[in-house]
Each structure stands twice: as structure tokens, then as C-alpha cells.
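Written below as C-alpha cells is the structure these notes are about.
Each reported figure results from applying straightforward, stated rules to the coordinates on display, with no laboratory input. Remember, predicted model here, so these are calculated numbers, not experimental data. Cβ placement follows ideal geometry from the backbone for every residue including glycine, while neighbour counts extend to all protein chains displayed.
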Amino acid sequence: MSSTHENSGGNSHLCLKLFSKMEVNISSYDIDIAHRMPEKFQSNLSPIICKFKSCIVKEIVLSKRKVNHIDFDKFGLAVDTEKSSYIGIYEHLTPK
């Protein structure tokens, strides 16, 4: 399987790794499901949707997203230099 078609467990693992780098201490039990965007939206690194079991955990992650920025290179992922190297964490899928 390619990295863009990982299973839910692999996506959860990537999310946990990211949250750990952000200094957020959560476990796999805090994640309800983590999946990639459908194929029609895919690019080289398709976005991962992470749904939490608790609003409290979600708020903790969102509160740390601006404090602890993570770049692709620090996370160990190759990135196209023409695109942003910042890993974005958003509360909603659509713009406000």
C-alpha cells in the first residue's frame, strides 16, 4: 500500500505521532477514526481527517496547534518545495 492509501490504524498512528511532536499527550483510545480524504481530493499527501471521541481532547489539540508548529521536514516527510512545508490543523473541513 502507498502512503496515500493507508488504513485507519496507520492514519491514527500518524496523527498520534504528530500530536506527540506538538506535545499533546493522547492515546489511540482518544481517536474515534482517522481516514484520508476521498480519492477525488487527493494530492501527493492527501489530508487526514481525525475525529476525536471527546470534545475535550479536540480542544487540547486545537489549543496547541498554533503554539507548537510542526513542519514536514521536522516530521520526517518529504515535501514539494513549491508548496508550504507547514502541517495545518483545522477545526472544520470547509472555510468559514
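7 Å from Cα along Cα→Cβ at both LYS66 and TYR29: what's the point-to-point distance in nm?
Using points 7 Å along Cα→Cβ, the separation is 3.2 nm.
Enumerate the amide H contacts of ILE70 below 5 Å, restricted to partners 5 or more residues apart or on another chain; note that Pro and chain-start residues carry no placed amide H.
Amide H neighbours of ILE70: ILE87.
With a point put 7 Å past each Cα toward its Cβ, work out how far TYR90 is from HIS13 in nm, to one decimal.
Roughly 2.7 nm, to one decimal.
Taking the simple approach of a point 7 Å from Cα along Cα-to-Cβ for both LYS51 and MET37, what is their distance in nm?
Here the answer is 1.8 nm between the modelled labels.
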